[in-house]
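All remarks here apply to the structure that follows.
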Amino acid sequence: MKAIRVAAHGEPDVLRLEDVPDPTPGLGQVLVQIQAAGVNPVETYMRSGNYGPVAMPYTPGTDGAGVVEQVGSEVHNLAVGDRVYTAGSISGTYAELALCKQEQVYKLPAKITFAQGAALGIPYGTAYRALVIRGQAKAGEIVLVHGASGGVGIAAVQLARAAGLRVIGTAGSAAGKLLVAQQGAHHVLDHTVPGYLDELAALTQGRGADLILEMLANVNLAKDLTAAAPNGRIVIIGSRGKIEIDPRLTMARDLNVLGMTLRAAGPQELLQIHAALGAGLENGTLRPVIAEEIPLIEAPQAHRKVMQNGSRGKIVLVP
């Protein structure tokens with residue numbers, strides 16, 4: 001089969017398409033014929049060496065969607081020919097075939113495309129864990145999704161709207177703002193405009209947001225501390241550097257600042273997350289947005305694009 005391989009850390013050009021042996025599923029394993037693979041920022045960190053040690057060579061990717069090709073022994077509830085999405089992989093999803101544990105594979109409703117299925121694992125899993133599990137979102141609350149036009153941000157907007165929250169998103173372009181509004185945000189702010197959070201204060205009668213989901217904490221966290229309501233929660237989903245803040249701002253409003261990573265989710269949380277995602281896909285409240293489908297051989301280009309500002313949806317690779 002064809003697969004992207006990384007033999008050494010470096011710039012995107014270390015991603016190379018190679019011929020490798022087809023994987024064979026063993027006990028409790030599933031082989032998926034990949035139709036689309038999701039591209040996530042974390043994969044660029046791993047490739048560049050900024051994510052800790054990685055055994056070389058390897059095939060990147062955990063998110064994908066396709067059709068079950070083979071199943072190993074003691075695999076239950078999955079059969080050859082099933083449409084599925086993956087949220088984890090043993091062998092990597094930037095490939096024509098991906099070997100997975102059965103608990104990493106979930107049924108994909110017929111009305112969801114393979115490209116949309118490849119947009120689920122990390123973006124929607126992260127958004128759900130941040131919003132519901134770490135953020136403890138409640139119907140009727142106000143949530144600010146800071147950076148709402150990317151894969152995680154769109155997922156958070158859809159999940160929050162379905163859960164009965166009042167949703168305020170931010171984006172950095174007219175097209176991004178339109179997309180966020182189309183996904184269900186009640187109000188959309190332009191985070192490139194100086195003083196844009198003054199509009200948040202006006203929308204909330206000066207109270208602020210009960211919950212803030214933060215995609216770029218090294219830029220926004222200090223501002224978030226002034227934009228949160230009393231007893232509010234700020235969940236840090238992403239950060240690309242350091243920031244200096246005034247801790248007294250957390251004291252004045254009794255704020256909770258919470259970090260999160262999807263890697264910390266245990267088996268029970270993962271069951272909860274994917275049960276909720278499955279229900280949302282079935283009832284139509286969750287609708288992954290695809291920004292671009294890029295051929296697998298052009299994985300380096302996909303890694304450059306996923307780190308650019310102004311993203312509008314999910315980038316996927318197509319074998």
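The values are calculated or read from the model by the stated rules, or taken from the named source; none is laboratory data. Worth saying up front: this structure is predicted, and the values here are computed from it rather than measured. Ideal geometry is used to build each Cβ from the backbone, glycine not excepted, and the neighbour counts take in all protein chains shown.
Table for the structure above
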item: Test: residue in segment 158-165 that is part of a loop (DSSP other than H, G, I, E, B) and at positive phi; result: yes
item: Qualifying position, being in contact with a strand residue (DSSP E or B) (Cβ under 9 Å, 6 or more places away or on another chain), surrounded by fewer than 16 Cβ atoms within 10 Å (Cβ to Cβ), within 30 Å of I245 (Cα to Cα) and free of Cβ contacts under 8 Å to residues at least 60 places away in the same chain, among G259, G310; result: G259
item: Among the residues listed as L249, L216, L211, L255, the single one being in the same structural domain as G147 (by TED's automatic domain parsing), in contact with a His (Cβ under 8 Å, 6 or more places away or on another chain) and either aliphatic (A, V, I, L, M) or more than 22 Å from A156 (Cα to Cα) (or both); result: L216
item: Subset of segment 179-206 [over 17 Å from P230 (Cα atoms), out of contact with any helix residue (DSSP H, G or I) (no Cβ under 7 Å at 6 or more places or on another chain), aliphatic (A, V, I, L, M) and surrounded by 14 or more Cβ atoms within 10 Å (Cβ to Cβ)]; result: L179, A181
item: Condition met for P41 (modelled with pLDDT under 95 and either under 16 Å from the mean Cα position of the chain (by Cα) or under 21 Å from I154 (Cα atoms) (or both)); result: yes
item: Residue within segment 20-33 that is modelled with pLDDT under 95 and on the phi < 0 side of the Ramachandran plot present; result: no
item: Condition check for A201: in a helix (DSSP H, G or I), over 20 Å from the mean Cα position of the chain (by Cα) and among the hydrophobic types (A, V, I, L, M, F, W, C); result: yes
item: A55, sole failed condition from (1) modelled with pLDDT of 95 or more; (2) surrounded by fewer than 21 Cβ atoms within 10 Å (Cβ to Cβ); (3) hydrophobic (A, V, I, L, M, F, W, C); result: (1)
item: First in segment 61-81 and under 27 Å from P300 (Cβ atoms), second anywhere and of a type in the set (D, E) and not in a loop (DSSP other than H, G, I, E, B), Cβ under 9 Å, 6 or more apart; result: G61/E43; T62/E43
item: Among (1) out of contact with any Pro (no Cβ under 6 Å at 6 or more places or on another chain); (2) over 20 Å from N256 (Cα atoms); (3) surrounded by 24 or more Cβ atoms within 10 Å (Cβ to Cβ); (4) not aromatic (F, W, Y), the one test that A155 misses; result: (1)
item: The one condition in (1) surrounded by fewer than 16 Cβ atoms within 10 Å (Cβ to Cβ); (2) on the phi > 0 side of the Ramachandran plot that P295 fails to fulfil; result: (2)
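Residues are listed down the side, and each one gets a yes or a no for (1) among the hydroxyl-bearing types (S, T, Y); (2) out of contact with any His (no Cβ under 9 Å at 6 or more places or on another chain); (3) farther than 23 Å from T261 by Cβ:
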{"residue": "A37", "(1), (2), (3)": "no, yes, no"}
{"residue": "N40", "(1), (2), (3)": "no, yes, no"}
{"residue": "S48", "(1), (2), (3)": "yes, no, no"}
{"residue": "A55", "(1), (2), (3)": "no, yes, no"}
{"residue": "D63", "(1), (2), (3)": "no, yes, no"}
{"residue": "V67", "(1), (2), (3)": "no, yes, yes"}
{"residue": "V71", "(1), (2), (3)": "no, yes, yes"}
{"residue": "H76", "(1), (2), (3)": "no, yes, yes"}
{"residue": "V80", "(1), (2), (3)": "no, yes, yes"}
